Amino acid sequence: MAKKYCITNSLQFELDFKDLMIDIAQNFINLPRGQALEYIRLCLKTIGEYFQADRAFFCSIDKGYPQTSKYGEWCKEGIPSAWGQTGIIPPLLIKWWVTNSQDNVVLIHDVDKLSAKPKVKSILQAAGIKSSIVLVLREKARIIGFLGLDSVTTKRKWPREYTSLLNAAQKIFISAFVKSESEKILDDERDLLSVTLNSIQEGVISVNNDDSKIGIFNKAAEEITGYKKEEVLGKKWTEILKVYKVKNKRKEIIQGEYLDSFITENGNDYYGLQTKDGNNKIVSFTISPAQFALHKPGMVIVIKDITESKKAEEEIRYLSYYDSLTGLINRTYFEKQLLKIDRGKNLPLSIIMADCNGLKIVNDAFGHDEGDRLLVHAANVLKKVCRKEDIVARIGGDEFAIILPRLGQEKAYAVFQKIKEYCAEEKDLLVVPSLAMGIATKTDRDEDINKILKKAEDRMYSAKLSENKSMRSSIVLSLRKTLEEKTHETEEHCSRLRVLSTELGKRMGLNDSFLTELSLLAHLHDIGKIATPDSILNKPGQLTEEEWEVMKKHSEAGYRIAVSSPELAFIADFVLSHHERWDGTGYPEKLKRYQIPLQSRIIAVVDAYDAMTNPRVYRKEVMTKEEALAELERCAGSQFDPAIVKVFLEMMAEMS
């Protein structure tokens, strides 16, 4: 009877446990994502209490066997954890479990009587274990972990049937472990995908085909569109992406129902995108079909912001066809347009070639910025005079060309005259624009347009030769006027220098050619000061060392101006050397004695005398004639040619 009762109780115990496992398994099926490990701990409590154990534990094996990774444990109230907060089971014990398992089960009824290595025994005793049952969990041949029960308060003889019941439970733990590992792999892959998506510069948007709603919206998509991910998830992508054709100036937004087909049909073309805040960007789209979870079809939209690259592309295109200084088309584009416009319907076809006079002198005198201003003003005159259908180009450094379709010789000449009139009206420049021009007209379809162009060019050069002298004289006068305005050197000052230098030259027995050079040098020896900043020229006090170095450059600037004009080239060396000293300490070349041109030595004496006896910006006090002559005599042989000073003193004595 007692035996029958035990069997009945044993069967009931087994049936109750299996019912418990069924409930656990059903709950596990519906377990939310990420809850697998937490559920393992709950199962350990249920099993531990059912078997009246003091502890129940589960651990998984890391890839680096025999090291454990995840550890779950339930302890009865008042029972301490076996392995502390780390949950790391000593590798020696794990190896011993595997080696001493029978049918993947290790039964320890009494740790004290255990015939094991002393170290293994001491590990179990240190954990407070008196009896234990451990299952080695395997998935196929691979050991994935251990499931066990510990008795801490008493020694227990574990019934053999417990192992069969725990074997039933182990399937749940293995499934939970596999699910946890799978979730971890998915989470890692998802994290990797998220990091990847958020690190690329292209916007990535995933869309379900069923409802066109957005599922993925990376950081680049946020930056490109101006929308935050939270604002767009679950919304239709056609409501978020406001796309228009770039070439359509009205920027009409393509309606959502047509957007998909429009982008698909136009391939990898580029479009305008209106962002959330109303700004406009240029973007490219790539749409690819995709298969999402549960085999749901969808698509991935990749957006690339190409606004800056398009701007750079347009800038390169602009620079390849247009002159960046004047905004006119360049020679390359001009030649293309000339071939394009050379048609019978455009006859008569006139061409005007123009050359900007005096550009080199202006560059040398005032710097390239002023030269650029001259070119820009000349270009503006041409644009102002010409019609919309006319083509105006800058085809060289100082050369321009105009194509006048359906305009005969007479009307082209009227344009020619108007250009001259407009140039004369330009008053904002230091030098008034002047253009040497030539005209040629094609009237016959069979005429070679290149020969017409050459004819206009030849006539331009011919005009330049005939106008050069008067033009250069005009520029020299303009430079002299500018010099007077900048330095406040009056005509009286130049006249005094001219009179004194030519009289001195006569007394030295110089011929008329020398005297002419002296007269012109008296007017233009300081022409280089045009390029000196006003702040230095008009500074009332003493110049700093740096300012003085700038001031000394005016001799070289004057040389460049003079040498660029045939009318002045013969005095260029005299202009360069008029601040050299007899003792070789002058500037810019430190010439001495007779290395210094005679004309420069004469002007140096005369200019010094006039400076001492007349007020200057930097010095209001003046010397008497006697004091100035005494200073010249004192500096003879160091600053000045002593022979010239001697003649000058004699001349001034007689003139007194």
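A simple spin-label model places pseudo-atoms 7 Å from Cα toward Cβ; at Glu38 and Lys18 they are separated by 3.2 nm. Cross-link list Lys360/Lys454; Lys310/Lys418; Lys384/Lys454; Lys360/Lys384: which exceed 28 angstrom alpha carbon to alpha carbon? Pairs exceeding 28 Å: Lys310/Lys418. Farthest toward the positive end of the dipole of the chain, out of Thr585, Val605, Leu349, is the Cα of Leu349, where the dipole comes from beta carbon charges about the Cα centre. The angle between the Cα long axis of helix 2-29 and the main principal axis of the chain comes to about 20°, on a 0 to 90 degree scale.
Amide hydrogen proximity for Lys552: with H placed 1.01 Å from N in the peptide plane, no residue at 5 or more positions away or on another chain lies under 5 Å. R0 = 56 Å: FRET efficiency of Arg343 with Ile200, Cβ-based, nearest 0.05? After rounding, the FRET efficiency stands at 0.65. With contacts taken as Cα pairs under 8 Å and at least 6 residues apart, the chain reaches a relative contact order of 6 percent. Near Phe640, the amide H atoms lying under 5 Å from its own belong to Trp582; only residues 5 or more places off or on other chains count, and H is placed 1.01 Å from N.
Among the listed options (i) 50.4, 166; (ii) 37.4, 140; (iii) 30.9, 103, the one matching Rg and Dmax of the Cα atoms in Å as calculated from these coordinates is (i). Overall, the accessible surface of the range 508-648 at a probe of 1.4 angstrom is composed of carbon and sulfur to the extent of 54 percent. Gain on full extension, evaluated as 0.36 nm per residue between Glu484 and Lys184 minus their Cα-Cα distance, stands at 99.3 nm. Taking all protein chains in place and a 1.4 Å probe, what share, in percent, of the accessible surface of the range 343-466 do carbon and sulfur account for? Its accessible area is 48 percent carbon and sulfur atoms. With the other protein chains left in place, how much accessible area per residue, in square angstrom, belongs to the range 564-642 at a 1.4 angstrom probe? Value returned for the range 564-642: 48 Å² of accessible area per residue. Helix content alone sets the calculated 222 nm mean residue ellipticity of the chain: runs of n ≥ 4 DSSP H residues at -39500 (n - 2.57) each, divided across all residues, give -16500 deg cm²/dmol.
Couplings 3J(HN,Hα) of the range 642-655, computed from phi: x, 5, 5, 4, 4, 5, 5, 5, 5, 4, 5, 5, 5, 5 Hz, in residue order, whole Hz [Karplus 6.51 cos²θ - 1.76 cosθ + 1.60, θ = phi - 60°; x for Gly and Pro].
Spatially close Lys pairs in the range 461-602, defined by Cα atoms under 19 Å apart and a spacing of eight or more places or different chains, total 15. Would you mind calculating the gained length between Glu223 and Arg406 on full extension (0.36 nm times residue separation, minus the Cα-Cα distance), in nm to one decimal? Here the answer is 60.6 nm.
Rounded to the nearest whole Hz, the Karplus-based 3J(HN,Hα) values (6.51 cos²θ - 1.76 cosθ + 1.60, θ = phi - 60°) of the range 328-334 follow the sequence 7, 5, 8, 5, 4, 5, 4, with x at glycine and proline. Toward the positive end of the charge dipole of the chain, with +1 on the Cβ of Lys and Arg and -1 on the Cβ of Asp and Glu, the farthest Cα among Asn198, Ile24, Ser288 is that of Ile24.
Remark: the chain carries a charge dipole of roughly 3300 debye about the Cα centre, counting +1 on each Lys and Arg Cβ and -1 on each Asp and Glu Cβ.
Once both axes come from the Cα atoms, what is the angle between helix 307-321 and the longest principal axis of the chain, in degrees from 0 to 90, rounded to 10? Between helix and principal axis, roughly 30 degrees. In terms of Cα to Cα distance under 17 Å, which aspartates and glutamates are near enough to Lys229, apart from those fewer than 8 places away along the same chain? The qualifying aspartates and glutamates are Asp191, Glu202, Glu239, Asp277. Say R0 is 35 Å: what FRET efficiency, to the nearest 0.05, do Val550 and Glu492 get from their beta-carbon distance? So, using R0 = 35 Å, E works out to roughly 0.80. Taking the Cα centre of the range 311-464 as origin and assigning +1 to Lys and Arg Cβ atoms and -1 to Asp and Glu Cβ atoms, the resulting dipole is close to 620 debye.
The values are calculated or read from the model by the stated rules, or taken from the named source; none is laboratory data. From a predicted model like this one, the values you see are computed outputs, not experimental measurements. Neighbour counts run over all protein chains shown; Cβ positions are idealised from the backbone, glycine included. For accessibility, only protein heavy atoms count, side chains too; no ligands or nucleic acids. Shrake-Rupley method; radii C 1.70, N 1.55, O 1.52, S 1.80 Å.
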